[in-house]
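The values are calculated or read from the model by the stated rules, or taken from the named source; none is laboratory data. As the structure is a prediction and not an experimental result, all values here were calculated from the model. Here the Cβ is made from the backbone with ideal geometry for all residues, glycine too, and neighbour counts use every protein chain on show.
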């Protein structure tokens, strides 16, 4: 089967009705379970459903109350037609077991699927990137031959790090901020919750790609979705 990389819009359209969501460059979903034994059974069923593609595409985080699943072409760091096909196969397999893939919003689950990134402002990426790579034991983002973009935890457990280039120093501004990627249909609720908890909306000029918020002391975080990131020709 030919494996083709998908735009963000294409990937999202292919899996939204299955209960999966596109976060950063991964498809993610959550399956509710009642025990670690059931989580292990779900893991086995999912691995079997993926067959020979499991090692190259699937990651599983099994807990007593939930199983988190993610799909991506791990070698390339992209979502492909193989990943959307695997998502459909997994959802069908679990449906036959009386389970469902979902967990996209807080209406479904207390902590919906999400992904955290750490952004570091810098005047010179090359000067600081090797330090962060070494001190965290991270690796280059797949497909990043120049070594100038994101750094990833090879185990997929800790936040990715990316470097935001600056033209001039910003000594009175945070140099590090968080990016939390959520499902596109979870973002409005998450923004409202943050504002109700004492936060401030600094700008929505980049929505729906991201909204910049801050706490009462000015510490910043961006709430991000996949939307408004594809080229116009990819969205139609």
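Checked against (1) modelled with pLDDT under 95; (2) under 30 Å from residue 174 (Cβ atoms), residue 108 passes all but condition (2). Taking the conditions (1) under 18 Å from the mean Cα position of the chain (by Cα); (2) surrounded by 16 or more Cβ atoms within 10 Å (Cβ to Cβ); (3) in a loop (DSSP other than H, G, I, E, B) in turn, residue 99 satisfies each one other than (1). For residue 181, the conditions (1) modelled with pLDDT under 95; (2) under 22 Å from the mean Cα position of the chain (by Cα) all hold with the exception of (1).
Evaluate the following for residue 91: is it over 18 Å from the mean Cα position of the chain (by Cα), surrounded by 16 or more Cβ atoms within 10 Å (Cβ to Cβ), under 14 Å from residue 18 (Cα atoms) and at pLDDT 95 or above?
yes
Scanning for something part of a loop (DSSP other than H, G, I, E, B), within 27 Å of residue 176 (Cβ to Cβ) and assigned by TED's automatic domain parsing to the domain that holds residue 28, does region 57-69 turn up at least one residue? Even if it seems obvious, please write down each step before you answer.
We begin by selecting, within region 57-69, every residue part of a loop (DSSP other than H, G, I, E, B); these are 63-65.
Checking the rest, the ones that are also within 27 Å of residue 176 (Cβ to Cβ) come to none.
So far as region 57-69 goes, no, none of its residues is part of a loop (DSSP other than H, G, I, E, B), within 27 Å of residue 176 (Cβ to Cβ) and assigned by TED's automatic domain parsing to the domain that holds residue 28.
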